[in-house]
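Down below is the structure, laid out as structure tokens.
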Amino acid sequence: MTELPDNQPQPQPQPVVVPIRSLGPSHRQRILNHLIALDEHDRYLRFGYAANDEQIGRYVQGLDFDRDDIFGIYNRKLELLAMAHLAFAQDPSHQSCAEFGVSVLKKARGRRYGSRLFERAVMHARNEGVDMLFIHALSENTAMLKIARNSGAVLERAGSETDAYLRLPPATLDSRMSEIVEEQLAKTDYHLKVQAKNFWDFLMGVQEIRQGVRDARDKVDRLR
């Protein structure tokens, strides 16, 4: 095996592509399932209080997909592992402002999903003319505040809560094209996952039918 000389740069690992899909009303049930799956502490960090199932249900039903933007990361089983809510200001005098919130299932931690969703939301916000992005989080939500701090946001702590403010640069041709490409890749990835899941569900159904036939045949043989 040939070794690289000490003075040669070592090959860098390629970044893992994480398909992030825009979510619409048809994803509402999966959004609900994702948030319901959060434990009490994670619900507390996400909403600022230990939201119960009923309160989460009202939040999901109240999502305005025409005004705001929701982004998500799915696994092969079409389970929503992580999602972000980019909420745009309703006040006409603050149309250039938006707020970011994110949640990640415990089993999906350590994969930078929160950071990737933040980057995706920032790119979309820029392309929508937003120049100020806000994050309102509990001061103990270190993961969220780390994302904000690493982005260069200004953090202001007030007791148990912290606000982060990130000034966004104007949209560019590159940011617009990047979003188009990312969204198309994510849609393709999602459709492939849907097809794969439907196929495996079909196979499981066939296997259950075959097993039922075998059980019925065995029962008849025993009665003879």
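Just so you know, all these numbers are worked out from the coordinates, no wet-lab data involved. No experiment lies behind these values; they were computed from the predicted model shown. Note that each Cβ is placed from the backbone with ideal geometry, even for glycine, and that neighbours are counted across all protein chains shown.
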Could you rank the peptides 133-140, 145-152 by their average count of other C-beta atoms within 10 Å per residue, with the highest value first?
133-140, 145-152
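Would you mind getting me the FRET efficiency between E79 and M132? Use the beta-carbon distance for r and R0 = 35 Å, nearest 0.05. Provide the component values of the computation, followed by the final result.
Details: r = 33 Å, r/R0 = 0.96.
It comes to 0.55.
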Using the count of nearby Cβ atoms within 10 Å as a rough guide to exposure, how do E99, E40 rank from fewest to most?
E40, E99
Is there a quick way to get the dipole size of segment 21-219? I mean about its Cα centre, with the Cβ of Lys and Arg at +1 and of Asp and Glu at -1; what is the value in debye to the nearest 20?
1000
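By count of other Cβ within 10 Å, fewest leading, how are D91, D69, D53 ordered?
Values: D91 7, D69 20, D53 10.
Lowest to highest Cβ neighbour count: D91, D53, D69.
Just subtract the alpha-carbon distance of L185 and E156 from 0.36 nm times their residue separation and send over the number in nm, one decimal.
Numbers: separation 29, 0.36 × 29 = 10.44 nm, distance 3.67 nm.
In short, 6.8 nm is gained.
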In percent, what relative contact order does segment 71-141 have, based on Cα pairs under 8 Å that are 6 or more apart in sequence?
30
Stokes-Einstein diffusion coefficient of segment 21-219, Kirkwood radius over Cα pairs, 20 °C, 1.002 mPa s, in µm²/s:
115
Placing +1 on each Lys and Arg Cβ and -1 on each Asp and Glu Cβ in segment 21-219, then taking the dipole about the Cα centre, the residue among S96, A82, S139 whose Cα reaches farthest towards the positive end is A82
